[in-house]
Structure formats: C-alpha cells, structure tokens
Amino acid sequence: MSVNRSRWKIALAGAALLTVPLALPATAAVPPPPAGWTTVFTDDFTGAAGSLPSSANWIIDTGHAYPGGPANWGTGEIQNYTANPANLAQDGSGNLRITPLRDGAGNWTSARIETQRTNFKPPSGGALRIEGRIQMPDVTGAAALGYWPAFWALGSPYRGNYWNWPAVGEFDIMENVNGINTVWGVLHCGVNPGGPCNETTGLVGSRTCPGASCQSAFHTYTFEWDTSVSPNVFRWLVDGQQFHSVSQNQVDATTWANMTNHAGYFVLLNVAIGGAFPNNNSGTTTPGPGIVPGRPMLVDYVTVLTRGGGTGSPGGGSAYGTIQAESYGQAAGIAKQATSDSGGGQSIGPAGNGDWASYPGVDFGTQTGRQFQARVASGAASGVSGLVEVRLDSRSNPPVGSFAVANTGGWQSWRTIPANISGVTGKHDVYLTFTSGQPADFVSVNWFTFTP
Ligand SMILES: [Ca+2]
C-alpha cells in the first residue's frame, strides 16, 4: 500500500502455472516464537463468526480518508471503508475476512484496520519481526482487475498528522494487485517525489508465491527490521524465503533516522478497490468492467516478535526484593530517566497505552506472592489515567493484578501504590504493561516489589 503514490507499471515475467496440491490447513495456530524471540503482539482472529476484530487490538478505519487526511486514502482507491461485518468479520474458523462488495448502484465498500499500538520497533541492538498468514482474495484475471490487498506498516507519527509521508517510513510487507500471482514488498521513505526511496515507486522487491499461488492458498508474509547487524537491514520474506532487502547504507543517514528513530510502527490490513497501483500495473483504469466483488482476503493471524537487545536483566532476582524498573530485559514505548525520588537512580517512562517492560526470571519461591507494590509518578493532564498491570510469562496472558493511576502531582512526585495479585509462586518472567483508553502517557515507574 502506500499513502500517496502512483507506482509505475512493473513488467511481469510469465508466471509459471503451478499445480502443487494444497496440503496446508485453512487455519493454523500462531506458531510459538522461535528461540530467542519474544511475542509482543498477536491476534489469531479466533472470534465468533460475524464478529469484528478485537477493539483492544485494532482500529477500524472508515470512509474515504482519515479526518483531514488526503482524499481516497492518498492512493486513488475508490471504495468506502466500513465497519460492517459484511466487509469485515472473523469467520468463526480462525480467520479475519476483509471482503470488498459492490452495491446495486455500483458503489464499492471494503474494510481497513490498523493496530491500536504504534510502537512496534526492535529493542536497541535487537530485531523486530512482523508476520501474517494470509490468503489473498481468490480471484484472478479480468475478475480481479482492481483488487488491491495489503498487509503493511506505517511510522507512528503518521497517525493524527497524515501529511508526513513518506519521511515517517512505510513497510509494505505484502501487496498485490489485479489477482496476479506475485507478492510485492516495498519500502517507502524520504521525500516524494524521488529521494532515496525513489518515490512514488518505493524500493521494491517481488516474487511469485512459493508453491500454490498467492490467491489459491495461505502464505506467510514476514518483514524483519534487524539492528543486530551493521549496517542495519530490512528484510521481506514469503514462506520463510527472503525476496527483498534494504540496507541502512542504501539511504542517507537522515532519511534512515527519520523512519527509525520515532516510537515505532503500526500495522495495517486492507483490501482496496482501484487506485494508482492496480491502474499503473494494468495500464487501464480500475476497477475493470469484469471485476467480481465479494472475494475476501483471509487473515489467519498477525504476530509481532522481537529478539535480543536490552541490558541489565535481573535474571533470577527475588520477587520480594526491590526490582528497579530500569533493569528491564526488553521494553517498548518507554525510556530510562533520572529520578529525584529518594535513592535517586533511574526510572522508566513516561508510559502510555500499549507500552511495556519485561523482567525475566523473577523468583517468587515457595512463598505465595499476594501483593504488588510500585513506586510511580504522574504529571498527566486532568482526566488522563491508566492501568499499571502485572503479567506473568507472556504479555498476552491476562494480568494477575493491576492498579489505576492518574496525576500524582507531577512527574517527580512519587508515591507507592499497592495492588492485590492472584497468588504466585515459583520463577516467572514478569511483565509490566500499561493500558489506557487514551493515547497520552500517564505514568513513570521507579521500582516495584512483591510481598507475600
Ligand atoms: Ca487464526
């Protein structure tokens, strides 16, 4: 996808027609993270048939533009996005379906969603992986002329601004047009037109889907952002096979910094109808006269993983001692800051919705931990509040305890707040997670501990 571009027609090699028997199940469980990787977001779309995707995970974009943003979502696409389950629904079998429809008057509807979280990025010195298992709309030829499914990510500063593309960065993890058996992976960056990312084309890689076609079967589409290598690199893979990469040294330092030094990325899924990419690819105006509505993109899962990075893991510290918040193993959305609290040292924050920090191997021993206490401060505006939550072993597990916090009198006005937790014994990876119904940061944390 892209928010403002008209990709040039890309010459297509004659795609081999493959007739590999389809052995893949229609849906699959989200695979467990490979060794060394930690799941930071996942949605398996296991909701009831006809239900919308989780509002805790996803924002549903509607209409023909963001409020105040470019018309037709900046791409020339023609459909009206809706929150109608006819366009957007889980299927009861573990998939999300995004289905373009056309009414009797010829008006198109479809759906587009984006993650609530905007902070997907590698931990310092580590790597990020964004992966989806997707079957493109099962339609080809004239019946597909104008279909434009996409699984992609935009830099967080885009949300609420809408005019800072492409400097904020865009990763097109999977794009496809016109039912062609090809996955396109694209980086958009820098300035438009031209610039280091050759806008509005972007830096493009593509290939035929391995085995069964992109349209006839699920494939796994993966993007990696690896800061553990020098120069850093972006990679695009389909079914684990790399087909595109962009190295840090392919663009100037300022451009790289502008797309990597912000809070991170949010992930989008949509099926557009018409627009610059299908038009330019086909050399015609789309949708074409033979287009057939009602062919959904199926999304089995979306998962985001991180690997490595971080320092100062407490690794095996006692739950009943003081755990310094800044000793986290991994974290997202927060920074270490000096504190004027008694004892000095550092705190973490300010934290807002979706931010988190992990503390591996915290040992509760044979005693049962029943209370959590955290030293917190908040200079949040009136009306801004949120939850400080404790989760064990996975950020996707439900909290074992939490407390709410609002303004404490300032960002250096510290107080100790307790919360009951369900009884915990043994050794666990502890996650502090921060949840709020609004986007503003609401808390900093100096330290925390548990008591029996
Ligand atoms: Ca699923």
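Taken together, the values in this text are just the output of simple stated rules run on the coordinates, not laboratory data. What you are looking at is a predicted structure, and each value in this text was computed from that prediction instead of being measured. Because the Cβ atoms are built from the backbone with ideal geometry, glycine has one as well, and the counts that use them run over all protein chains shown.
Residue-wise, which Karplus ³J(HN,Hα) couplings in Hz belong to the range 368-373, taking 6.51 cos²θ - 1.76 cosθ + 1.60, θ = phi - 60°, and x for glycine or proline?
Residue by residue, the range 368-373 yields 9, x, 10, 9, 10, 10 Hz.
Quick one: dipole size for the range 323-451, taken about the Cα centre, charges +1 on Lys/Arg Cβ and -1 on Asp/Glu Cβ, in debye to the nearest 20. Write out the running numbers ahead of the final one.
On the way: 7 positive and 8 negative charges, 33 e Å.
So the dipole magnitude of the range 323-451 works out to roughly 160 debye.
Provide the FRET efficiency to the nearest 0.05 for the Ser340-Gln116 pair, computing r from the beta carbons and using R0 = 35 Å. Can you show the working numbers first?
Details: r = 33 Å, r/R0 = 0.94.
The computed FRET efficiency comes out at 0.60.
Could you go through the range 203-219 in sequence order and give the Karplus-derived ³J(HN,Hα) for each residue, using 6.51 cos²θ - 1.76 cosθ + 1.60 with θ = phi - 60°, rounded to whole Hz, and x for Gly and Pro?
8, 10, x, 7, 6, 5, 5, x, x, 4, 5, 4, 7, 9, 8, 6, 9
Simple spin-label model, 7 Å along Cα-to-Cβ: Ala142 to Ser422 in nm?
Spacing of the two 7 Å Cα→Cβ label points: 5.9 nm.
Do you know the relative contact order of the chain, to the nearest whole percent, from alpha carbon pairs under 8 angstrom that are 6+ apart?
Details: 1278 pairs, mean separation 80.8, N = 452.
Answer for the chain is 18 percent.
Between Ser228 and Thr285, what FRET efficiency follows from the Cβ-Cβ distance if R0 is 60 Å, with the result rounded to 0.05? Don't jump to the answer; show the numbers that get you there.
Numbers: r = 45 Å, r/R0 = 0.76.
Given R0 = 60 Å and the Cβ-Cβ separation, E is 0.85.
Could I have the simple spin-label model distance between Ala48 and Thr254, label points 7 Å from Cα toward Cβ, reported in nm to one decimal?
5.5 nm
Taking the Cα centre of the chain as origin and charging only Cβ (+1 Lys, Arg; -1 Asp, Glu), how large is the dipole, in debye to the nearest 20?
On the way: 22 positive and 26 negative charges, 18 e Å.
The calculation lands at about 80 debye.
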